[in-house]
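Quick notes on the structure that follows.
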Amino acid sequence: MAVNDRMTPEGLRLMREMKKLRELACYAGFQSGPKAKERVGDEIVDSEADLLDVAMWNELGTSRSPSRPFLRASVDDNEAEIAAFCKAQIKLLLDGKTTAEAMLKKLAVFQKGLIQLTMVEGDFTPNAPGTIKKKGSDRPLIDTGHMRQSVMTIVDRKGRD
C-alpha cells in the first residue's frame with residue numbers, strides 16, 4: 001500500500017500556524033506597575049495604589065465595596081460574539097489570509113474593547129453616597145477614565161511569567 005508522505009506548501013503553512021496557536025496565548029487586562037489615578041479636589045493625580053490592585057478590588061469586591069465583575073462579565077455576557085469572532089478568524093487562518101499571531105492580536109484587541117464597553121455599560125451596584133459626592137456620579141468604574149484607557153493586550157508564549 002502506497003503512503004503519501006508529502007504535504008503541499010499550503011498544508012505545511014497551516015501546520016506551522018497550528019503549532020504557533022498551540023504555543024501562543026493572548027491576554028487582555030491589567031499589569032502591575034502603573035499607578036491608579038484619583039481625584040484630589042479638582043485635580044486628578046497619581047494614587048498610591050497600583051492600577052492592577054484597583055482593577056482586582058473592583059472585579060472581586062472588598063470588605064467595603066461590592067464586586068463589580070467587569071472582566072468576567074465582558075466574557076460571560078458576550079459569549080456568542082466572541083465565538084463568532086473566533087470562527088471568522090479561524091476561517092481566515094484556514095484560507096491563508098491571516099497568521100496565528102495576527103489572529104491572536106486581533107482577538108486580544110477585540111476582548112479589550114469588550115472589557116472597556118462592559119466598564120461603561122455594565123449593570124453594577126451604584127457608588128456609595130460618599131463616592132458619589134467625591135466624583136459627582138453614581139456610575140462605578142468610571143471616574144477619570146484612566147482604568148478604562150489602561151486595559152492592555154499581550155500575545156506571548158504560553159507558560160511565561
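Please specify each residue of segment 120-135 satisfying the condition of being open to solvent by less than 70 Å² (accessible area, probe 1.4 Å) and either of a type in the set (D, E, K, R) or under 18 Å from the mean Cα position of the chain (by Cα) (or both).
V120, G122, K135
Could you check how many residues of segment 136-151 are touching a Phe, Trp or Tyr at 6+ places or on another chain (Cβ under 8 Å) and exposed (fewer than 14 other Cβ atoms within 10 Å of the Cβ)?
Here the count works out to 0.
Is segment 47-67 home to any residue that is farther than 15 Å from R148 by Cβ, in contact with a helix residue (DSSP H, G or I) (Cβ under 7 Å, 6 or more places away or on another chain) and either free of Cβ contacts under 8 Å to residues at least 60 places away in the same chain or not polar (S, T, N, Q) (or both)?
yes
Which fully enclosed helices (runs of 4 or more DSSP H) of segment 1-113 have 2 or more residues being open to solvent by less than 30 Å² (accessible area, probe 1.4 Å) and of a type in the set (G, A, S)?
70-76
Give me the pairs: first residue in segment 149-161 and among the small types (G, A, S), second residue at pLDDT 90 or above and open to solvent by 70 Å² or more (accessible area, probe 1.4 Å), beta-carbon distance under 8 Å, and six or more apart or on different chains, which are they?
Correct list of pairs: empty, since none qualify.
For segment 120-146, how many residues are in contact with an Asp or Glu (Cβ under 9 Å, 6 or more places away or on another chain), within 17 Å of A36 (Cα to Cα) and assigned to a loop (DSSP other than H, G, I, E, B)?
Count: 2.
Quick one: how many residues across segment 105-161 are modelled with pLDDT of 90 or more and of a type in the set (S, T, Y)?
4
The values are calculated or read from the model by the stated rules, or taken from the named source; none is laboratory data. Just so you know, these numbers come straight off a predicted model, no measurement behind them. Don't worry about glycine lacking a Cβ; one is built from the backbone with ideal geometry, like all the others, and counts go over all protein chains shown. Protein only, heavy atoms only, side chains kept; ligands, DNA and RNA dropped before computing areas. Shrake-Rupley method; radii C 1.70, N 1.55, O 1.52, S 1.80 Å.
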